[in-house]
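In what follows, a structure is listed as structure tokens, so that the remarks can point back to it.
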């Protein structure tokens, strides 16, 4: 595989390094090697983009330089071997090219001044600039705030940030938002154009500007965690690196903005969710349903951290709890139950009702239906699920027929339940989830 060279900052990348001719062009790596390299890049690209953006002060150029580093890896690693620290190799390669680009800009500007041409704007500040005492000492978090600039629409901010920092594909972002893939692709392209046209700098917002972007930042961190917690597609259910990045960003944000209850609410939610990670998959990576999880494998440390963060959210709130605090309270109900049978489903159903009023969503209603079915019986839950059948956003959402199949099985309607599980398997794009749904269909009596 060879990626097409792309221009950045008006200078094509082959202006930096000559392109190999056909006579001595390196052989394309085999499918397995290319897949391994692209997997590494997918995991490391957010850090590479964030680190390079701090140098070039342009998100679009930073992404292109990161892609340039991938091209170099595809050429060199099959020949020389994968480096001991591939992430550091990609970062160093991208940074070297970024420094070269900045130097060329500075040289060009100096030559323009020497020959008396029109003045040009000053070059970006050097990478080793003094730290802003009120800044965010984390490149990834800094980039989150930058791509959540108010010049972009809320939908565009979220899509662009998930693409650059979450490492999510356009299809995965579309799945998370329950919208067509083409819609997300257009949002990302337009967002990059807008940032370039408005000449938005890579900067740390302060005061009111930071608060204005907070909602989008929280949404993005949450969606990044969710993609790591239950991967949209691929062979693995979990992508732990995304969960770790999102949790770290939430913790940094909590320290940065200690008086924001929703920041603590999000942190609490992620702590609770992350506490279950070890129990969510079996020895071969297969998913384990909540009712079958060994709760002794849940991290009591992360649960304790979640409880403290939720307490801080309650202590700093001046009104009704926000959506993340409510979701954290739901997660806390699960965390407090030492056995599945001890779960307070009625409290969870009540909390989902409050969440539905605070942040209406068909997915929230689907979750509420599950909780109601556990509190009041599967027939009542099925009534609520059937009321969601016409929701356009849930038309291709595999969890809708999955939940319906579970409720039908509990009601003894096994033939219908099997059909629903099979339909859900057909919609699922994650191989682990698909296999689980087919097993559940096969396990039902004829």
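The single residue among 375, 329, 337 that is buried (at least 22 other Cβ atoms within 10 Å of the Cβ), free of Cβ contacts under 8 Å to residues at least 60 places away in the same chain and within 26 Å of residue 277 (Cα to Cα) turns out to be 329. Please work out if residue 104 is outside any loop (DSSP other than H, G, I, E, B), under 26 Å from residue 69 (Cα atoms), at pLDDT 70 or above and in contact with a strand residue (DSSP E or B) (Cβ under 8 Å, 6 or more places away or on another chain). When the stated conditions are applied, residue 104 passes them.
Listed conditions (1) in contact (Cβ under 8 Å) with a residue 24 or more places away in the chain; (2) within 27 Å of residue 252 (Cβ to Cβ) are all met by residue 345, apart from (2).
Among residues belonging to region 136-152 that are modelled with pLDDT under 80 and in a loop (DSSP other than H, G, I, E, B), point out the one that is surrounded by the most Cβ atoms within 10 Å (Cβ to Cβ). Among residues in region 136-152 that are modelled with pLDDT under 80 and in a loop (DSSP other than H, G, I, E, B), the one surrounded by the most Cβ atoms within 10 Å (Cβ to Cβ) is 136. Only one of the numbered conditions (1) out of contact with any helix residue (DSSP H, G or I) (no Cβ under 6 Å at 6 or more places or on another chain); (2) under 25 Å from residue 241 (Cβ atoms); (3) modelled with pLDDT of 85 or more is violated by residue 98, and that is (1).
Has region 226-240 got any residue that is more than 19 Å from the chain's Cα centre (by Cα) and modelled with pLDDT of 80 or more? Looking through region 226-240, none of the residues is more than 19 Å from the chain's Cα centre (by Cα) and modelled with pLDDT of 80 or more. The single residue among 323, 362 that is touching a residue at least 12 places away in the same chain (Cβ under 8 Å), within 19 Å of residue 222 (Cα to Cα) and buried (at least 19 other Cβ atoms within 10 Å of the Cβ) turns out to be 323.
Only one of 389, 424, 435 is modelled with pLDDT under 95, under 26 Å from residue 181 (Cα atoms) and either assigned by TED's automatic domain parsing to the domain that holds residue 171 or part of a helix (DSSP H, G or I) (or both). Can you tell me which? Quick ask: steps written out before the conclusion?
Values: 389 fails: either assigned by TED's automatic domain parsing to the domain that holds residue 171 or part of a helix (DSSP H, G or I) (or both); 424 fails: modelled with pLDDT under 95.
Going through 389, 424, 435 in turn, just one is modelled with pLDDT under 95, under 26 Å from residue 181 (Cα atoms) and either assigned by TED's automatic domain parsing to the domain that holds residue 171 or part of a helix (DSSP H, G or I) (or both): 435.
The values are calculated or read from the model by the stated rules, or taken from the named source; none is laboratory data. Bear in mind the structure is a predicted one, so any value in this text is a computation, not a measurement. Reconstructed Cβ throughout: ideal geometry from the backbone, glycine too, with neighbour counts over all protein chains shown.
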